[in-house]
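These notes concern the structure reproduced below.
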Amino acid sequence: MIVDVHTHTPTHQAAVPEDERRVYEGWRTDRAVVTTNSWDDYDKATEAADLSIVFNIAVEKPEEATGLPYRADDTNTATAAFVTADPERRIGFMSVNPTAPDVFDEADRCRELGLVGVKLGPNYQNFDPLSQPALDFYGYCERNGLPILFHQGASPIRQAPLRYTYPLVTDEVALQFPELRIVMAHMGHPWGRETVVTIRKHPHVYADVSSIYLRPWVCYESLLAAQEWGVPHKLLLGSDFPIATTAEAMAGIRRVNDIVEGTRLPKVSPELIERVIHADAIAALGLERNPR
């Protein structure tokens, strides 16, 4: 089974009106990304996957903070409705800000809606991931079996603090919450080596490969580090829709060795690539295919 663990909830249920169409040029160097997408657009983009994990990020001004123009007051409800429409192929994660006064009430509400994990972007949400409110929330997630997918590494959003996304921050979280299931998004690009040594030491910490193939040297360096440190089993497939499709993500990491073709540099093994593409992400994160 192919699981795409990193996708964003589409902004529109039906076709996007032309006057509401938005694009963002900061994520890819080869083309702009259309950030307004329908449910059908999502299905076409993820058709190479058997199952996908989908979420928004809880911020006050989504387009300004994340580049994606969804409605802030509909962050989790929209995800839940989208998942409910096709629970055989979609799993929904909630997003909350751990510093919000109603964080646990909202988390409980989202669990009742059927959302079974959490997406956090401390850089976009502007909270210290090692602050006490954040630690309290991680404890809640650990107790309730909610895996957390953290944005990790670079972002083109100017006001998003990089210090909140450095991979070694996740090491600190995992030391305090050893049973918490964690996914480090984007292999912490460009800090792939730091991500690799973190997932190596913590049994329940994983990384997804979303977006790394858009920068061939980062992709090569990160996957080679995973190979050299013996952690290909800790890597999960992700597309980061709408930035890319599942098929693009698969094709992208399969091209990892193109950049060193004709040199004596070591190659990433094809077996590692296929192991990532077919990783059992559902078991790794302690989830069920159809939690409802």
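The values are calculated or read from the model by the stated rules, or taken from the named source; none is laboratory data. These numbers were taken from a predicted model, which means no experiment stands behind them. Reconstructed Cβ throughout: ideal geometry from the backbone, glycine too, with neighbour counts over all protein chains shown. Each accessible area value is taken on the protein alone, full model and side chains, heavy atoms only, with ligands, DNA and RNA left out. Shrake-Rupley method; radii C 1.70, N 1.55, O 1.52, S 1.80 Å.
Structure values in brief
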{"quantity": "Whichever residue in the range 232-287 is polar (S, T, N, Q) and part of a loop (DSSP other than H, G, I, E, B) and, among such residues, is least open to solvent (accessible area, probe 1.4 Å)", "calculated": "SER239"}
{"quantity": "Selection count, the range 44-67, where residues are of a type in the set (Gly, Ala, Ser), open to solvent by 10 Å² or more (accessible area, probe 1.4 Å) and in a loop (DSSP other than H, G, I, E, B)", "calculated": "2"}
{"quantity": "Filtered residues of the range 137-161 (kept if assigned to a loop (DSSP other than H, G, I, E, B) and more than 14 Å from ASN126 (Cα to Cα))", "calculated": "GLY145, LEU146, PRO147, GLY153, ALA154, PRO156"}
{"quantity": "Which numbered condition TYR164 fails, given (1) in a loop (DSSP other than H, G, I, E, B); (2) touching a helix residue (DSSP H, G or I) at 6+ places or on another chain (Cβ under 6 Å)", "calculated": "(1)"}
{"quantity": "Members of the range 15-35 found to be surrounded by fewer than 19 Cβ atoms within 10 Å (Cβ to Cβ), touching a Pro at 6+ places or on another chain (Cβ under 7 Å) and among the β-branched types (Val, Ile, Thr), listed by number", "calculated": "VAL34"}
{"quantity": "Where GLU88 falls short, out of the listed (1) over 17 Å from the mean Cα position of the chain (by Cα); (2) more than 25 Å from ALA283 (Cβ to Cβ)", "calculated": "(2)"}
{"quantity": "Residues (touching an Asp or Glu at 6+ places or on another chain (Cβ under 7 Å) and open to solvent by less than 30 Å² (accessible area, probe 1.4 Å)) located in the range 188-230", "calculated": "GLY188, GLY192, THR198, SER210, SER211"}
{"quantity": "Residue identified as under 30 Å from ALA283 (Cβ atoms), out of contact with any Lys or Arg (no Cβ under 6 Å at 6 or more places or on another chain), surrounded by 15 or more Cβ atoms within 10 Å (Cβ to Cβ) and touching a residue at least 12 places away in the same chain (Cβ under 8 Å) among HIS12, HIS6", "calculated": "HIS6"}
{"quantity": "Residue match in the range 213-225 (condition: under 29 Å from ASN37 (Cβ atoms) and of a type in the set (Lys, Arg))", "calculated": "yes"}
{"quantity": "Qualifying residues in the range 35-91 (those that are within 20 Å of ASP19 (Cβ to Cβ) and touching a Leu at 6+ places or on another chain (Cβ under 8 Å)) - the one modelled with the highest pLDDT", "calculated": "THR35"}
{"quantity": "Residues satisfying the stated conditions in the range 99-123, i.e. in a helix (DSSP H, G or I) and of a type in the set (Val, Ile, Thr)", "calculated": "VAL103"}
{"quantity": "Selection count, the range 71-98, where residues are surrounded by fewer than 22 Cβ atoms within 10 Å (Cβ to Cβ) and part of a loop (DSSP other than H, G, I, E, B)", "calculated": "6"}
{"quantity": "Pairs where the first residue, in the range 58-83, is more than 22 Å from PHE104 (Cα to Cα) and the second is modelled with pLDDT of 95 or more and among the basic types (Lys, Arg), C-beta under 7 Å, 6+ apart", "calculated": "PRO69/ARG22; PHE82/ARG90"}
{"quantity": "Scan of the range 125-149 for residues that are open to solvent by 10 Å² or more (accessible area, probe 1.4 Å), in contact with a helix residue (DSSP H, G or I) (Cβ under 8 Å, 6 or more places away or on another chain) and over 16 Å from VAL103 (Cβ atoms), ordered by number", "calculated": "LEU130"}
{"quantity": "Test result for LEU180, open to solvent by 50 Å² or more (accessible area, probe 1.4 Å) and not small (Gly, Ala, Ser)", "calculated": "no"}
